[in-house]
Amino acid sequence: MAQAWKCSGLRWSAGGPVLVWDGGRRSALTWRKRVAFGVAEGGVRTCVGARGHACPVGAAVPGRSTGARCEECARLDRAHSVAADTIADDPRPYHVYLAWFGPGMVKVGITAEERGAARLLEQGAICFSWLGVGPLMAARRTEELLRAALRVPDRIPYAEKRAVRAALPEAAADRAREVAELHERAVRLPAWPESLVREPLRVVDHVGVFGLAELPVAVGGVSELVAGGVVGGELVAAAGPDLHLATGGGVVVLDTRLMTGWALVPAAADELTVPVRQFREAAGVQDGLF
C-alpha cells in the first residue's frame with residue numbers, strides 16, 4: 001500500500017508556489033507540472049488542530065470546509081489573531097495596503113511588515129501597493145478609515161476572484177489604474193494616525209508570478225475531496241490557494257485548502273473523480289467531468 005501524506009497547504013516562496021506536507025516535506029510547483037493524487041480509500045477528513053497542536057479528539061470535519069477545523073480548534077486558532085482583531089499589543093510594524101483582484105474589486109488590508117508581499121500572494125492579489133506603515137493599532141485604525149472613506153471592503157470572496165482571472169486587462173497599466181486612483185485619494189485624507197508613515201505609490205503586479213497570462217477560462221472548481229477520489233491534471237496557473245489544472249474536460253480550479261485533513265496517496269492517472277461544481281459561465285462545457 002502506498003504511503004499516505006497529509007498536506008499542510010499551499011505556500012508562496014520566492015520561487016513560486018509550494019505544497020507543504022506534514023513533517024516538513026515540500027513539493028515545488030512549476031507550470032506544466034503534472035499534479036496528481038488520490039484520497040485514501042475509506043479515509044475520513046480530520047481536524048488539523050490549532051496553532052501547531054493536534055486536535056485533542058481527532059474530530060471529523062466536512063469535506064467542503066476550507067478551514068479543516070472543528071468548532072473548538074477554529075475558536076482557538078482565532079484566539080490571538082490579528083485578522084480577528086483579538087490582539088492589540090503586537091510590537092511589530094504593520095503595512096496598510098490596497099489590493100486589486102479584478103475590475104471593481106479592490107480591498108484594503110494590513111499585514112506585518114516582516115512578511116513582505118507574502119500575504120498578498122496568499123490572497124491571490126493581482127496587483128497591490130503599500131499605503132503606509134506603523135504600529136498595529138495605527139494600521140488597524142487606518143484600515144477602518146479607508147474602508148469607510150473609499151468605500152472598499154476588507155474581504156473579497158474567492159469565488160469572485162476566480163471568476164475574473166481569465167479576463168483581466170492585458171496591460172499592467174490598466175490593471176494598476178484603480179489602485180493608483182484609490183491610493184491618490186487615500187493619502188489625501190486628513191485623519192491618518194500620526195504614527196503611521198504614508199508610502200508612495202508603487203504598484204506590484206503578480207500576473208507573471210501567478211502564470212495568468214493567456215489563462216484559459218476555468219469550466220469548474222473542485223467542491224470537495226472524497227475517500228477514494230482522484231485529482232489529476234497539468235498545472236497551468238496558481239493564485240492564492242488555488243491551482244488551475246488542465247484536464248481532459250477543460251481547466252478546473254482546485255482550492256488546496258480542501259486538501260488539508262485528508263490522507264493523500266500518489267495517483268498514476270490524470271483523472272478527476274471528485275465532485276466538481278460547474279461554473280455558470282461555462283454551462284454546457286463540462287459535462288464529461290461528471
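Long-range amide H contacts for Val276: which residues qualify at under 5 Å (H placed 1.01 Å from N, peptide plane, sequence gap of 5 or more or a different chain)?
Ser223
Which FRET efficiency value, to the nearest 0.05, is calculated for Val197 and Asp89 with the Förster distance at 30 angstrom and r the Cβ-Cβ distance?
Efficiency for this residue pair is about 0.90.
So if R0 is 41 Å, what FRET efficiency would Lys33 and Ala148 give, r being the distance between their Cβ atoms, rounded to the nearest 0.05? Please list the in-between numbers first.
Details: r = 44 Å, r/R0 = 1.07.
Efficiency, rounded to the nearest 0.05: 0.40.
Quick one: longest stretch of the chain between exposed loop GluC sites (Glu not before Pro), exposed meaning at most 12 other C-beta atoms within 10 Å and loop per DSSP?
On the way: sites that count: Glu41, Glu170, Glu194, Glu214.
Answer from the scan: 42-169.
Work out the FRET efficiency for Ala4 and Met137 from their Cβ-Cβ distance, taking R0 = 41 Å, and round it to the nearest 0.05. Display every interim value, and only then the final one.
Numbers: r = 45 Å, r/R0 = 1.09.
Efficiency at R0 = 41 Å is approximately 0.40.
Expected output is a single nm value to one decimal: the length gained when fully extending between Glu234 and Ala172, i.e. 0.36 nm times separation in residues minus the C-alpha distance. What is it? Don't skip to the end; give the middle numbers.
Details: separation 62, 0.36 × 62 = 22.32 nm, distance 2.64 nm.
Using 0.36 nm per residue and subtracting the Cα-Cα distance, I get 19.7 nm.
Residues with beta-carbon under 13 Å from that of Ala112, excluding Ala112: net charge, scoring Lys, Arg +1 and Asp, Glu -1? List each step's numbers first, then the result.
Values: positive: Arg92, Arg115, Arg119, Arg140; negative: Asp90, Glu113, Glu114, Glu122.
Neighbourhood net charge equals 0.
According to a simple spin-label model (label point 7 Å from Cα along Cα-to-Cβ), what is the distance in nm between Glu271 and Arg26?
If labels sit at Arg26 and Glu271, their model points lie 3.2 nm apart.
Suppose each label sits 7 Å from its Cα in the direction of the beta carbon; what would the Ala118-Glu72 distance come out to in nanometres?
3.0 nm
What number comes out for accessible area per residue over the range 161-290 if the probe is 1.4 Å? Units Å², please.
On the way: 5910 Å² over 130 residues.
Counting only protein heavy atoms, the per-residue value for the range 161-290 is 45 Å².
Against the longest alpha carbon principal axis of the chain, how many degrees, from 0 to 90 and to the nearest 10, is the axis of helix 172-187 turned?
Rounded to the nearest ten degrees, it is 40.
Mind checking which lysines have their C-alpha under 26 Å from Lys161, skipping anything on the same chain fewer than 8 residues away?
The qualifying lysines are Lys33, Lys107.
So, for the range 1-70, what is the accessible surface per residue at a probe of 1.4 Å, expressed in square angstrom? Mind dumping the intermediate values first?
Working: 4090 Å² over 70 residues.
Computed with neighbouring chains in place, this is 58 Å² per residue.
How large a share of the accessible area of the range 59-209, in percent, is made up of carbon and sulfur atoms when the probe is 1.4 Å and the other protein chains stay in place?
In the range 59-209, the share of accessible area belonging to carbon and sulfur is 52 percent.
Lys and Arg at +1, Asp and Glu at -1: add these up for the other residues within a Cβ distance under 15 Å of Phe101 and post the number.
Numbers: positive: Lys107, Arg119, Arg155, Lys161, Arg162, Arg165, Arg175, Arg177; negative: Glu122, Asp154, Glu160, Asp174, Glu178, Asp205, Asp242.
Here the charged neighbours net out to +1.
With Rg and Dmax of the Cα atoms in Å in mind, check (1) 23.3, 77; (2) 20.0, 65; (3) 17.5, 55 and report the label derived from this structure.
Structure-derived value, by its label: (2).
Please state the relative contact order of the chain as a whole percent: Cα pairs under 8 Å, 6+ residues apart?
Details: 603 pairs, mean separation 75.9, N = 290.
The value is 26 percent.
Excluding Arg64 itself, calculate the net charge of residues whose Cβ lies under 15 Å from the Cβ of Arg64, where each Lys or Arg counts +1 and each Asp or Glu counts -1. It would help to have the intermediate numbers written out before the result.
Values: positive: Arg45, Arg69, Arg257, Arg277; negative: Glu224, Asp255.
Here the count lands on +2.
The values are calculated or read from the model by the stated rules, or taken from the named source; none is laboratory data. No experiment lies behind these values; they were computed from the predicted model shown. Neighbour counts run over all protein chains shown; Cβ positions are idealised from the backbone, glycine included. Surface accessibility is based on the protein's heavy atoms, side chains included, excluding ligands, DNA and RNA. Shrake-Rupley method; radii C 1.70, N 1.55, O 1.52, S 1.80 Å.
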